[in-house]
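K.L.:
Below is a structure I'd like to ask you about.
The values are calculated or read from the model by the stated rules, or taken from the named source; none is laboratory data. Because the structure is a prediction, the values reported are computed rather than measured. Cβ: placed from backbone, ideal geometry, glycine included. Neighbour counts: every protein chain shown. SASA here: full protein model, heavy atoms, side chains in, ligands and nucleic acids out. Shrake-Rupley method; radii C 1.70, N 1.55, O 1.52, S 1.80 Å.
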Amino acid sequence: MADDKDVLRDVWFGRIPTCFTLYQDEITEREAEPFYLLLPRVSFLTLVTDKVKKHFLKVMKAEDVEEMWFDFEGTPLKWHYPIGLLFDLHASNTALPWSITVHFKNFPERDLLHCPSNSVIEAHFMSSIKEADALKHKSQVINDMQKKDHKQLWMGLQNDKFDQFWAMNRKLMEYPTEEGGFRYIPFRIYLTMSDRPFIQKLFRPISSDGYTHTLGDLLKEVYPVAISRDDESKRYQVVIHGIEPLLETPLQWLSEHLSHPDNFLHISVIPVPSD
């Protein structure tokens, strides 16, 4: 892969200042102070909130505690979406710190998956990596890895170890030079305006006649509404890792450098805020 290591580092070490507040109807023995944390964009909420849980359990009785879950302005936050994606999708035009509400009761079964342990997060993460490699290399790279290599990817994410993770992940980002890119680009496009969880289709980084596909080409094919016509004002922001990449950016480069650790490009299409 083209080695823009600074970009990889910037993506990995992206943080979101967050204020966790206990839901007002939770039963406590004394007032619960808010808890502040810098959340890593590339991780998952349930993986990095042990400190949050410990903080609020200090003021609660054991019998009042069930599975912890989070919401932002009334929207339950899906723990199996990367943190940066959740922020871009739901809160990218709000003031920092990001204000998240913590719940220990009334788990929203219809909206969220249960997450009883880190092994559930690991299983979800590894299944995403395997799906991405099926798209990129017909699963050849991930299948050639040993179990300890898979574990290294997971432990790198879990323990926030950039070098440990990338020592293994770079293999998933390689491709034969003559092919010019992956077989297909693993991507998901998320819309705040839709009940559909995301859009995902087969899309090649290089066209059959050798043309390099860009982010704009992908959007034209998959969700053309996101691109404003020349005669209209901009209606949508197309956000990856909190930034709006140029639509001329090659998709292959984006896939190599702005994918999350699960090897997917998570793209948010959000309405431009009306002042």
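K.L.:
Among residues belonging to the range 68-124 that are outside any helix (DSSP H, G or I) and of a type in the set (S, T, N, Q), point out the one that is farthest from the chain's Cα centre (by Cα).
P.N.:
Residues of the range 68-124 that are outside any helix (DSSP H, G or I), as a first pass: 68-82, 91-117.
From what's left, of a type in the set (S, T, N, Q): 75, 92-94, 99, 101, 106, 117.
On the way: Thr75: 17, Ser92: 14, Asn93: 17, Thr94: 18, Ser99: 18, Thr101: 20, Asn106: 25, Ser117: 19 Å.
Restricting to residues being outside any helix (DSSP H, G or I) and of a type in the set (S, T, N, Q), the top hit is Asn106.
K.L.:
Take the range 127-182 and flag every residue that is more than 24 Å from Arg15 (Cβ to Cβ) and not in a helix (DSSP H, G or I).
P.N.:
If the condition is that a residue be more than 24 Å from Arg15 (Cβ to Cβ) and not in a helix (DSSP H, G or I), then Lys138, Ser139, Met145, Gln146, Glu174, Tyr175, Pro176, Gly180, Gly181, Phe182 are the ones that fit.
K.L.:
Take the range 165-193 and flag every residue that is surrounded by fewer than 17 Cβ atoms within 10 Å (Cβ to Cβ) and of a type in the set (Gly, Ala, Ser).
P.N.:
Ala167, Gly180
K.L.:
Going residue by residue through the range 186-200, is there one that turns out to be part of a strand (DSSP E or B), within 21 Å of Leu8 (Cβ to Cβ) and of a type outside the set (Ser, Thr, Tyr)? Show your work before the answer.
P.N.:
Filtering the range 186-200 for residues part of a strand (DSSP E or B) gives 187-191, 199.
Imposing the further condition that a residue be within 21 Å of Leu8 (Cβ to Cβ) reduces the set to 187-188.
Those left that are additionally of a type outside the set (Ser, Thr, Tyr): 187-188.
Yes, because at least one residue in the range 186-200 is part of a strand (DSSP E or B), within 21 Å of Leu8 (Cβ to Cβ) and of a type outside the set (Ser, Thr, Tyr).
K.L.:
Okay, next question. Just to be sure I understand the filter: pairs with C-beta atoms under 6 Å, separated by 6 or more residues or on different chains, first member in the range 120-146 and of a type in the set (Lys, Arg), second member in a helix (DSSP H, G or I). Which pairs pass?
P.N.:
That search, which allows pairs on different chains as well, returns Lys130/Ile142.
K.L.:
Something else: Among all residue pairs at least 6 apart or on different chains, which show Cβ distances below 9 Å where the first residue, located in the range 183-198, is free of Cβ contacts under 8 Å to residues at least 24 places away in the same chain and the second is part of a loop (DSSP other than H, G, I, E, B)?
P.N.:
Pro197/Lys78
K.L.:
Here are some residues: Tyr223, Tyr211, Tyr236. Which one is open to solvent by 50 Å² or more (accessible area, probe 1.4 Å) and farther than 24 Å from Asp111 by Cα?
P.N.:
Working: Tyr223 fails: open to solvent by 50 Å² or more (accessible area, probe 1.4 Å); Tyr236 fails: open to solvent by 50 Å² or more (accessible area, probe 1.4 Å).
Testing whether each residue is open to solvent by 50 Å² or more (accessible area, probe 1.4 Å) and farther than 24 Å from Asp111 by Cα leaves just Tyr211.
K.L.:
Please count how many residues of the range 55-65 are modelled with pLDDT of 85 or more and farther than 18 Å from Glu33 by Cα.
P.N.:
Number of matching residues: 0.
K.L.:
Also: Does the range 19-37 contain at least one residue that is open to solvent by less than 30 Å² (accessible area, probe 1.4 Å), hydroxyl-bearing (Ser, Thr, Tyr) and under 26 Å from Lys161 (Cα atoms)?
P.N.:
Among the residues of the range 19-37, not one is open to solvent by less than 30 Å² (accessible area, probe 1.4 Å), hydroxyl-bearing (Ser, Thr, Tyr) and under 26 Å from Lys161 (Cα atoms), which makes the answer no.
K.L.:
Taking interchain pairs and intrachain pairs at least six residues apart, which have beta carbon atoms under 6 angstrom, with the first residue in the range 13-37 and over 14 Å from His103 (Cα atoms) and the second open to solvent by 100 Å² or more (accessible area, probe 1.4 Å) and of a type outside the set (Phe, Trp, Tyr)?
P.N.:
Once the first residue is over 14 Å from His103 (Cα atoms) and sits in the range 13-37, its partners that are open to solvent by 100 Å² or more (accessible area, probe 1.4 Å) and of a type outside the set (Phe, Trp, Tyr) give Arg15/Leu38; Pro17/Leu38; Pro17/Leu96.
K.L.:
A follow-up question, please. Which residues, counting only those in the range 218-244, are farther than 18 Å from Asn263 by Cα and in contact with a helix residue (DSSP H, G or I) (Cβ under 7 Å, 6 or more places away or on another chain)?
P.N.:
Leu219, Ala226, Ile227, Tyr236, Val238
K.L.:
Ok, one more. Given the residues Arg229, Arg196, Arg204, which is the only one that is open to solvent by 80 Å² or more (accessible area, probe 1.4 Å) and over 27 Å from Asp133 (Cβ atoms)? Steps first, please.
P.N.:
Working: Arg196 fails: over 27 Å from Asp133 (Cβ atoms); Arg204 fails: over 27 Å from Asp133 (Cβ atoms).
None of the other options fit; the residue is Arg229.
K.L.:
Considering only residues that are of a type in the set (A, V, I, L, M, F, W, C) and under 19 Å from the mean Cα position of the chain (by Cα), look in the range 220-251 and name the one that is nearest to Pro82 (Cα to Cα). Break it down stepwise before answering.
P.N.:
The first filter runs over the range 220-251 and keeps only residues of a type in the set (A, V, I, L, M, F, W, C), leaving 222, 225-227, 238-240, 243, 246-247, 251.
Keeping just the survivors that are under 19 Å from the mean Cα position of the chain (by Cα) gives 238-240, 243, 251.
Details: Val238: 17, Val239: 14, Ile240: 12, Ile243: 15, Leu251: 20 Å.
Among those residues, the one meeting the criterion is Ile240.
K.L.:
Is there a residue in the range 148-164 that is touching a Pro at 6+ places or on another chain (Cβ under 8 Å), open to solvent by 30 Å² or more (accessible area, probe 1.4 Å), among the polar types (S, T, N, Q) and under 28 Å from Leu38 (Cβ atoms)? Full working, then the answer.
P.N.:
Step one: list which residues in the range 148-164 are touching a Pro at 6+ places or on another chain (Cβ under 8 Å), which gives 153, 156-157, 160.
Adding the requirement that they be open to solvent by 30 Å² or more (accessible area, probe 1.4 Å) leaves 160.
Restricting the remaining residues to those that are among the polar types (S, T, N, Q) gives none.
No, every residue in the range 148-164 fails to be touching a Pro at 6+ places or on another chain (Cβ under 8 Å), open to solvent by 30 Å² or more (accessible area, probe 1.4 Å), among the polar types (S, T, N, Q) and under 28 Å from Leu38 (Cβ atoms).
K.L.:
Being under 25 Å from His124 (Cα atoms), in contact (Cβ under 8 Å) with a residue 12 or more places away in the chain and among the small types (Gly, Ala, Ser) narrows it down to one residue among Gly180, Gly210, Gly242; which is it? Can you show your working first?
P.N.:
Numbers: Gly180 fails: under 25 Å from His124 (Cα atoms); Gly210 fails: under 25 Å from His124 (Cα atoms).
One residue alone meets the criteria, Gly242.
K.L.:
Still on this structure, please answer the following. Which of the following residues is under 24 Å from Ala91 (Cβ atoms) and crowded, with 20+ Cβ neighbours inside 10 Å: Val42, Val48, Val7? Full working, then the answer.
P.N.:
Numbers: Val48 fails: crowded, with 20+ Cβ neighbours inside 10 Å; Val7 fails: crowded, with 20+ Cβ neighbours inside 10 Å.
When all the criteria are applied, what remains is Val42.
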